[in-house]
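The structure appears below as structure tokens.
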Amino acid sequence: MKEIKIFGRGGQGAVTAAQVLAVAAFLEGRWAQTFPQFGAERRGAPVIAYVRWDGIPIVTRNKVYSPDVVMVMDFNLFRMSNPLADIKPGGTAIINHPGNGSRLSRISTAERVRLFTIDATAIAHELYGKTTIPITNIIHLGAYCAANQDISVESVCRALPDFFPRNKLEVNQKAAREGYENLRGVS
Amino acid sequence: MATRKMLTGNYAAAYGAKLARVEVFPAFPITPQTPVMEKIVEFIENGELDAEFIPMESEHSVMAAAVAAEAMGARTFTATSSQGLLYMHENLFVASGIRLPVVMAIVNRVVGPPNTVLNDLSDSLDQRDTSWIQIYVENAQEVLDMIPQAYRIGEDERVLLPVAICFEGIIISHYMEPVEILDQDKVDHFLPPYRPKQVVLDPDRPMSLGQIVMDDTYITEMKYQQQEAMDRSKAVIREVDEAFGDAFGRWYGGLFAAEWIDGAEVVLLTLGSLASTVRAVVKQLRDEAGLPIGFVKLRAFRPFPAQELRDCLSHVKAAVVLEKGVSIGAGGPVFLDLSHCLNRRDRMPLLIDYIVGLGGRDVTFEEVRNIALTVFEERHADSITNPVRWHQVRGL
Amino acid sequence: MSEWKQVGPDAQKRYTYQELPIGDASIGMPSERRKTGLWRYLRPRFVRRFSPCSEACPAGNDVEGFLAFAQQGRYGEALDTLLGESPLPGVCGRVCFHPCESACNRGAFDEAVSIQGLERFVADGEPTSLPVPGPSRKEKVAIIGSGPAGLTCAYHLRRLGYEVTVFEKQAVLGGMLRLGIPTYRLPRSVLDREIDRILSLGVKVETGCRVGHDIPWEHLLTWDAVFLAAGAHAALSLGIPGDSAQEVISGTAWLEAVNLGRPVSVGSRVGIIGGGNTAVDCARAALRLGSNPVIVYRRTRNEMPAMEAEIEEALQEGIEIQWLTSPIAVRRRNGKLVGLECIRNRLCKPEPGGRARPEPIDGTEFVMEIDTVISAVGETVEEAYLPPGLKGEQEGAVWVDSWGRTSLPGLWAGGDVATDPRMVVHAIGAGKRAALSIHASFTGEDLVELGRRLRTGAKGAFSIDRYLNDDLPGVELVNEVVGPDHLNLHYAEPLERAALPRLDADQRVRDFSEVNLGCDEQRARAEAQRCFRCGECRGCGNCYVFCPDGSVLFDPSAHEFRIDYEYCKGCGVCGNECPTGAIVMTAEGEV
């Protein structure tokens, strides 16, 4: 079973991202589960959403205590707590960050974690225009596909019509592909 | 054609209502129930469901509208949570007192304070005396499957009682998982249109329902009829489960589902989504440690399957209830009901109650495993001094 | 964000039950420890954003502001608002090409608000207070030309306290407003009323005085500042054989004669060359003088620079327009003009950034029988009288920078004489721009900073009233123009735009009486209600009603809504439900 934890802010689309990723896994013939972590709902507030997928039906409804993959959609979230604190050793982290990741070396996390960055904010501004909170969710899913190679970006695109009206499909498909192409590994 | 889709428990409830071809849907929003309402309204708006949505100003009015609609002979559905359900409380008695088979999805949520949108079962367990049938389900698929079943149970002339399908907020209502959406033709065959033969309001034959009577008239008799209907509903629940299984290939066990009971010395009994975790723990302890442990998933809290559980548990040494609710001053509501049905002079199993998951606190696999092992150690004890255990209290 | 941890240590701490203060989680928690404002990540703020109409107005009129008064029937204050930015609302209410209406967000919903019609209605009433001269300053400013640019500059400079003298070549004031625009579009009573209002501020006037002739530049340039707003009066020639004939007359000169009531001759069939407002004005004036005019324009109706309403009215009046037609020669016989030889054109594909070029079609030459030609193909600046050393002229206009400064120190320019679009409203904007620019040259204020503080959008216009009265709105002004996406149009209902009545075509061609009749109070009030009030709180109370936390407060004495930031948790519902885009959400810490 693979467990994915997505950190975002209210309005950024973290919950939708988790749902799209779960549907993408489902469309590939897997069993999937996705859920948000609940708090008082308000724009800009930290939001966490989870995805589990597996080859067999998923029994647990527990919290995710040790995710295989952590995605951080807003770098400012590191100012509140360390989103990578509970990542599984050998796990994968994908962080929205414009630089080459040199600042990320100071982040404390489990051993052998593979760090990736994606400048999702810049891509989001280009694709969706400038918004108070950049909409980076689907871009991150493309980055997920590139970093993990276990769900295809085509499946993500196939999952999108369940979540977006027809006139928003093209831009979101583009977002997924841009995310896929612009993932950077941090050495 | 049945299709599989990723759905939340809330959407599964909405699909269930659509498949049951509900005709009237009064509702008032409350987290975590709101998406049920939104989805049904969407179905009505886009023409997928021919029903009347009545946006009410409160839950109290919702149940009043549901009573009125059902009394007109319309198949009526609603959904609520927590304080909303408590606000309905008075009118819940009206629905059952007039013997109207309204169906309601109760999306369980803590009754505050302290307030939270997370779940335990305190809101619906609290409604046990309202003469509603209450069935607790484990996952989104069971939510969807149980709504057509609920109508078939409630509308059965042997029953004519309202039915609540209870599922936990957030961890069922907002978890998205694969759900099979039943084939509409097969559901139509399984659940024919509602054709009430009892009292139906008709503008051409005006009448009043539920009016005042005196002590020497018939209240006692009427209540006894409700008791009998509730008793008869046990058979109906089992029959409907069988019929559903025959039609759709999924059987849930009727009043409760018992697994690995033969030869079990300890049985773990729970309800709701916790069943998944407890079942997995029991299976592991049997498979890996060879422990004689059994498992019961209680589905019907009302009617409470007393006789049936007594028969099932008569041979075990200890029965453990894990429940996300408590009647403060006594114990867990399921534990209390189970206690009275095990009141035999001979071979009475030890009965232990674990209060867990209050306020949405996670109940992990390891915790359940520890509970099982603890009770397994105690199974030969002559008596238990602390049968009600607040398991997750820190510092206890 | 660090405040999150302070949301009561209780909310985050994992107490054991012995540690948990009895009852603390549910009762007895002092409410100041439950200030939900600490949860907030985005802060809603009441702001004032620019409405697209105000931004689009080159004169910097506070369109949304005057409509707000008009909605309440407070027409006097509406006129005060207009007079705060421009002394000529009655003029603009009649002759402006109203870019405000093209920008109106209502246009994307049903139809733009009839802003011009409302401006006219308001301007024809009385203000509640007249503008007053500012505290006297010692500097003296000379203004050359009394057209809209010069008059506007004089008006604002008097309000700023300067001694102002306007030098006018003609015997009458108004420039092109009086010389160029026929009275059926702009009754002289309206123009006189507004000029009188300007003069009443104490503007000195020297009429019949030609600069560079009656008064030398050397003398003028010793003034503290000079604003050159003398217009462009040299007619461009047709550039075809025979165009110097006596019967080929300049459109502006001819209109000037008509407008000043001089006797004019116009033949029975007059051909007017050009597609701008001058051409259409000449045609309609000629029609009223009993001639049968025909307009000859080389492109199609779509490319005509004249205002659409003007073209439509001309066509209603039966005026013939020959589109895609160019004159190639003037035909004379026996010393008299007998016809205009023309050729048909086709339009080529427009080059990037340019207009479609007309291309003559060989073999389509024909002769139009006419006896007079009016040339209205454009005007240029008479360079002969300009002061020596003024450089940077381009396309016959004096170069100015974005604050109206010429290459000569102490000399400003604006309007048709300068590189401004040749529209009345641009001239008004240029006059205002020069006034503030001249003022800043004396006070030493930074124009860049002033421009930022006073701007009404991103198109260069600004509010001088805000400077004069230090009149900043009670809420923060955000440099952003409200677009349709900022509005919540769920609260808008389609409403029909008020039709503005006109005289019937057959009636209006009889004389020079005003064609457009304006609207009555009832219609004006209804039309004003159509304004969305983009970017400003209109007091609807949606924020108050929808706030789930009761954190939007209402102050009945000030009739104002405020946000209680101690409890607002930043959900953003107020902003979503605001119909006018007057609430913005910004990240905490970025305000």
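The values are calculated or read from the model by the stated rules, or taken from the named source; none is laboratory data. Quantities reported herein were computed from a predicted structural model and do not represent experimental measurements. Ideal geometry is used to build each Cβ from the backbone, glycine not excepted, and the neighbour counts take in all protein chains shown.
Taking segment C:200-216 as the search range and keeping residues that are surrounded by fewer than 20 Cβ atoms within 10 Å (Cβ to Cβ), out of contact with any Leu (no Cβ under 7 Å at 6 or more places or on another chain) and hydrophobic (A, V, I, L, M, F, W, C), which one is nearest to C:Asp281 (Cα to Cα)?
Of everything passing the filter in segment C:200-216, C:Cys209 is nearest to C:Asp281 (Cα to Cα).
Would you mind telling me which numbered condition in (1) out of contact with any helix residue (DSSP H, G or I) (no Cβ under 7 Å at 6 or more places or on another chain); (2) of a type in the set (D, E, K, R); (3) within 14 Å of chain A (Cβ to nearest Cβ) B:Glu155 fails?
Unmet for B:Glu155, out of (1) out of contact with any helix residue (DSSP H, G or I) (no Cβ under 7 Å at 6 or more places or on another chain); (2) of a type in the set (D, E, K, R); (3) within 14 Å of chain A (Cβ to nearest Cβ): (3).
Going by the structure shown, is C:Trp399 of a type in the set (Phe, Trp, Tyr) and buried (at least 21 other Cβ atoms within 10 Å of the Cβ)?
When the stated conditions are applied, C:Trp399 does not pass them.
What residue, among those in segment B:313-326 that are in contact (Cβ under 8 Å) with a residue 60 or more places away in the chain and out of contact with any strand residue (DSSP E or B) (no Cβ under 7 Å at 6 or more places or on another chain), is nearest to B:Val363 (Cα to Cα)?
Taking the candidates together, the pick is B:Lys324.
Kindly evaluate C:Val509 against the criterion of being of a type in the set (Val, Ile, Thr), crowded, with 16+ Cβ neighbours inside 10 Å, in the same structural domain as C:Phe66 (by TED's automatic domain parsing) and over 24 Å from the mean Cα position of the chain (by Cα).
Answer is yes for this residue.
Which condition number does A:Val156 fail, the rest of (1) within 14 Å of the chain's Cα centre (by Cα); (2) over 14 Å from A:Val72 (Cα atoms); (3) outside any helix (DSSP H, G or I); (4) β-branched (Val, Ile, Thr) being met?
A:Val156 satisfies every listed condition except (3).
Is it fair to say B:Ala79 is farther than 21 Å from B:Gly360 by Cβ and crowded, with 19+ Cβ neighbours inside 10 Å?
No: the conditions fail for B:Ala79.
Does C:Pro350 meet the test of being closer than 30 Å to C:Ser102 by Cα, modelled with pLDDT under 90 and over 27 Å from the mean Cα position of the chain (by Cα)?
So C:Pro350 fits the description; yes.
Is there any pair with a first residue in segment B:278-305 that is without any contact (Cβ under 8 Å) to a residue 40 or more places away in the chain and within 13 Å of chain A (Cβ to nearest Cβ) and a second that is of a type in the set (Phe, Trp, Tyr) and buried (at least 21 other Cβ atoms within 10 Å of the Cβ) whose Cβ atoms are under 7 Å apart and which are 6 or more apart or on different chains, and what are they?
B:Arg279/B:Phe295
Any idea how many residues of segment C:245-264 are in contact with a strand residue (DSSP E or B) (Cβ under 9 Å, 6 or more places away or on another chain), farther than 17 Å from C:Gly415 by Cα and among the polar types (S, T, N, Q)?
Total meeting the criteria: 2.
Do we have any residue at all in segment B:116-131 that's assigned to a strand (DSSP E or B) and within 14 Å of another protein chain (Cβ to nearest Cβ)?
To start, the set of residues in segment B:116-131 that are assigned to a strand (DSSP E or B) comprises none.
Looking for residues that are assigned to a strand (DSSP E or B) and within 14 Å of another protein chain (Cβ to nearest Cβ), one finds none in segment B:116-131, hence no.
Considering only residues that are crowded, with 21+ Cβ neighbours inside 10 Å and within 20 Å of A:Ile56 (Cα to Cα), which ones fall in segment A:6-29?
Those that are crowded, with 21+ Cβ neighbours inside 10 Å and within 20 Å of A:Ile56 (Cα to Cα): A:Ala18, A:Gln19, A:Val20, A:Leu21, A:Ala22, A:Val23, A:Ala24, A:Ala25, A:Phe26.
Given the conditions (1) without any contact (Cβ under 8 Å) to a residue 60 or more places away in the chain; (2) surrounded by 14 or more Cβ atoms within 10 Å (Cβ to Cβ); (3) part of a loop (DSSP other than H, G, I, E, B), which single one is not true for C:Leu495?
If we test C:Leu495 against (1) without any contact (Cβ under 8 Å) to a residue 60 or more places away in the chain; (2) surrounded by 14 or more Cβ atoms within 10 Å (Cβ to Cβ); (3) part of a loop (DSSP other than H, G, I, E, B), just (1) comes out false.
Considering B:Tyr15, B:Tyr11, which residue is within 12 Å of another protein chain (Cβ to nearest Cβ), buried (at least 20 other Cβ atoms within 10 Å of the Cβ), closer than 23 Å to A:Phe35 by Cβ and hydroxyl-bearing (Ser, Thr, Tyr)? If you could, list the steps in order and put the result at the bottom.
Numbers: B:Tyr15 fails: within 12 Å of another protein chain (Cβ to nearest Cβ).
Matching residue, one of B:Tyr15, B:Tyr11: B:Tyr11.
Taking B:Ile165, is it more than 14 Å from chain A (Cβ to nearest Cβ) and assigned to a strand (DSSP E or B)?
Taking the combined requirement at face value, the residue satisfies it.
For segment B:328-339, state whether one or more residues are more than 26 Å from B:Ala235 (Cα to Cα), buried (at least 23 other Cβ atoms within 10 Å of the Cβ) and either within 14 Å of another protein chain (Cβ to nearest Cβ) or polar (S, T, N, Q) (or both).
no
Scan segment A:4-35 residue by residue and report those that are assigned to a strand (DSSP E or B) and more than 10 Å from every other protein chain (Cβ to nearest Cβ).
A:Ile4, A:Lys5, A:Ile6, A:Phe7, A:Gly8
Kindly list the number of the only condition in (1) at pLDDT 95 or above; (2) surrounded by fewer than 15 Cβ atoms within 10 Å (Cβ to Cβ) that fails for C:Val226.
All conditions are met except number (2).
Those residues that are part of a loop (DSSP other than H, G, I, E, B) and under 16 Å from C:Asp362 (Cβ atoms), I need them from segment C:316-327; list them, please.
C:Leu324
Taking B:Thr130, is it modelled with pLDDT under 95 and of a type in the set (Ser, Thr, Tyr)?
Taking the combined requirement at face value, the residue does not satisfy it.
Does B:Pro113 satisfy the condition of being part of a loop (DSSP other than H, G, I, E, B) and in contact (Cβ under 8 Å) with a residue 12 or more places away in the chain? Working first, answer last.
Working: part of a loop (DSSP other than H, G, I, E, B): yes; in contact (Cβ under 8 Å) with a residue 12 or more places away in the chain: no.
Judged against the criteria, B:Pro113 is not a match.
Would you point out which residue out of B:Asp241, B:Asp183, B:Asp215 is over 24 Å from B:Ser96 (Cβ atoms), away from chain A (no Cβ under 14 Å) and charged (D, E, K, R)? Working first, answer last.
Working: B:Asp241 fails: over 24 Å from B:Ser96 (Cβ atoms); B:Asp215 fails: over 24 Å from B:Ser96 (Cβ atoms).
Selected residue: B:Asp183, the only one of B:Asp241, B:Asp183, B:Asp215 that is over 24 Å from B:Ser96 (Cβ atoms), away from chain A (no Cβ under 14 Å) and charged (D, E, K, R).
For segment C:564-582, how many residues are more than 12 Å from chain A (Cβ to nearest Cβ) and either of a type in the set (D, E, K, R) or within 35 Å of the chain's Cα centre (by Cα) (or both)?
Of the residues in that region, 8 qualify.
Condition check ((1) part of a loop (DSSP other than H, G, I, E, B); (2) free of Cβ contacts under 8 Å to residues at least 12 places away in the same chain; (3) surrounded by fewer than 22 Cβ atoms within 10 Å (Cβ to Cβ)) across all residues:
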position: C:Ala524; (1), (2), (3): no, no, no
position: C:Cys531; (1), (2), (3): yes, no, no
position: C:Cys543; (1), (2), (3): no, no, no
position: C:Tyr567; (1), (2), (3): yes, no, yes
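Go through segment C:281-295 and give me each residue that's in contact with a strand residue (DSSP E or B) (Cβ under 7 Å, 6 or more places away or on another chain) and in a helix (DSSP H, G or I).
Within segment C:281-295, C:Cys282, C:Ala283, C:Ala286, C:Leu287 meet the criteria.
Regarding segment C:460-481, can at least one residue be identified that is within 21 Å of C:Phe561 (Cα to Cα), in the same structural domain as C:Cys104 (by TED's automatic domain parsing) and at pLDDT 90 or above?
no
Tell me which residues, restricted to segment A:36-82, are more than 14 Å from chain C (Cβ to nearest Cβ), more than 20 Å from A:Ile94 (Cα to Cα), in contact (Cβ under 8 Å) with a residue 40 or more places away in the chain and not in a strand (DSSP E or B).
If the condition is that a residue be more than 14 Å from chain C (Cβ to nearest Cβ), more than 20 Å from A:Ile94 (Cα to Cα), in contact (Cβ under 8 Å) with a residue 40 or more places away in the chain and not in a strand (DSSP E or B), then A:Ile58 is the only one that fits.
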